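Derivation of every value follows stated rules applied to the coordinates shown; laboratory data play no part. Here the structure is a predicted model, which is why all the values come from computation and not from measurement. We place every Cβ from the backbone using ideal geometry, glycine too, and count neighbours over all the protein chains shown.
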Amino acid sequence: MSRAPVALVVGLCTAFGVALALILPELPDAPPDLALGVVTHLPDSGVAHPVTAVLLNFRAYDTLLEVVVLLMAALAARALPPEATDAAAAKWGRPVFDTIDRVALPIVVLLAVHLLLIGASRPGGAFHAAAVLTGGGVLLRLSRGLSVDTITRGRCAFGVLVAGPGVFAIVATVCAAATGYFIGYPAQFAGMLILVIEAALALSIAFALWALFP
Amino acid sequence: MTMSPWLDVALVATLVWIAAAALASRDLFRAVVLFITFGLLLSLAWARLNAPDVALAEAAIGAGLTGALMLDAIGRSRRKPDGTEDEER
């Protein structure tokens with residue numbers, strides 16, 4: 001790239017950064033209403049962690065649409081022609097990969113399940129578990145050349161991808177029939193429903209992210 | 001435990017410096033490694049802002065997954081049609 005446009009962009013970004021640094025301390029404090037509302041209704045939400053409650057209960061519609069966007073990204077990635085498996089994977093030292101697989105993959109599964117279950121009371125939840133599972137999937141991809149297509153064939157892969165948002169949408173609709181509100185969990189089942197939805201979402205999102213690695 | 005404000009200043013300065021270095025790097029591999037480092041430091045910044053959920057997500061997805069995707073892309077872009085490596089990229 002030539003010098004002048006790069007310098008211009010760098011200059012503008014620096015000026016923007018300086019302006020932000022000058023303006024930010026002057027902003028008024030955020031109104032406490034929303035946080036107060038979350039804390040007040042936290043016992044009714046079915047989980048003990050405010051972030052999980054907001055993501056999976058109070059603003060669950062946003063999460064539903066977000067997961068559908070991920071699904072579309074995965075479908076777009078799968079629409080590309082499949083890449084041939086790396087010949088390089090066979091050249092690398094097998095002992096290293098075998099040891100890494102044997103040590104890391106069980107930890108990946110344990111950590112993912114732990115993060116999924118702990119999301120009710122501590123930072124964690126479906127997305128973190130999915131990210132860890134995808135790490136395991138990438139490890140499999142690198143060490144054994146296992147991509148999404150070798151594990152599942154076309155429709156089965158599509159089924160796993162759709163399972164997450166599908167379960168979410170089904171639960172949301174059943175709740176609409178039961179309580180009159182879309183994604184309005186009945187209070188006594190809220191915790192269990194959130195756990196079921198999170199489990200399905202974790203699997204689905206992990207699969208979707210794994211599908212991004214051809 | 002009180003943290004000195006200089007820790008935050010150092011963190012911000014390092015973040016900006018690594019971002020500039022990643023963007024200015026000629027070698028793509030080096031740029032991606034700097035990006036991963038940036039992601040890890042950014043997750044530290046999120047932790048300093050008392051947002052542990054975002055910090056976890058940033059470390060796993062922002063640094064880990066996106067970095068792995070970009071490394072994969074670099075590897076593929078180096079491969080010429082006959083399967084040999086093109087070291088120019």
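Once backbone amide H atoms are built at 1.01 Å from N, residue B:79 has B:86 as its partners under 5 Å, excluding neighbours fewer than 5 places away on the same chain.
Highest mobility in the GNM of chain A, judged by mean-square fluctuation with C-alpha springs under 10 Å and restricted to A:79, A:112, A:169, is found for A:79. Per-residue ellipticity at 222 nm computed for chain B from its helices equals -22000 deg cm²/dmol, with DSSP H segments shorter than 4 residues left out and the rest contributing -39,500 (n - 2.57).
Legend: mean number of C-beta atoms from other chains within 10 angstrom of residue C-beta atoms, peptide B:52-61, equals 5.
Go ahead and run the numbers for FRET between residue A:187 and residue A:61, Cβ-Cβ distance against an R0 of 25 Å, rounding to 0.05.
Calculated transfer efficiency: 0.85.
Model label points for residue A:179 and residue A:156, set 7 angstrom from Cα along the Cα-to-Cβ axis, are 3.7 nm apart. Computed from the C-beta positions of residue A:114 and residue A:15, the FRET efficiency with R₀ = 30 Å rounds to 0.10. Ranked by how many other Cβ atoms sit within 10 Å of their own Cβ, fewest first, the residues A:175, A:156 fall in the order A:156, A:175.
By counting other Cβ atoms within 10 Å of each Cβ, how are A:198, A:66, B:58 ranked from fewest to most?
Details: A:198 29, A:66 15, B:58 21.
The most exposed by this proxy come first: A:66, B:58, A:198.
Please state the relative contact order of chain B as a whole percent: Cα pairs under 8 Å, 6+ residues apart? Working shown, then result.
Details: 69 pairs, mean separation 19.8, N = 89.
Across chain B, relative contact order equals 22 percent.
Here the spin labels are modelled as points 7 Å beyond Cα on the Cα-Cβ line, and at residue A:72 and residue A:4 they lie 4.0 nm apart.
Loop sites only, by DSSP: take the trypsin sites (Lys or Arg not before Pro) in chain A that have at most 14 other C-beta atoms within 10 Å and name the longest stretch containing none of them.
Values: sites that count: A:59, A:153.
Answer - A:60-152.
Within chain A, the percentage of alpha carbon pairs spaced more than 29 angstrom apart rounds to 46%.
When the helix-only estimate is applied to chain A (DSSP H runs of n ≥ 4, each -39,500 (n - 2.57), divided by the residue count), what is the mean residue ellipticity at 222 nm, nearest 500 deg cm²/dmol?
Numbers: 10 runs with 158 residues, N = 214.
So the helix-based figure for chain A works out to -24500 deg cm²/dmol.
Ordered by the number of other Cβ atoms lying within 10 Å of each residue's own Cβ, fewest first, A:210, B:46, B:6, B:17 fall into the sequence B:6, B:17, B:46, A:210.
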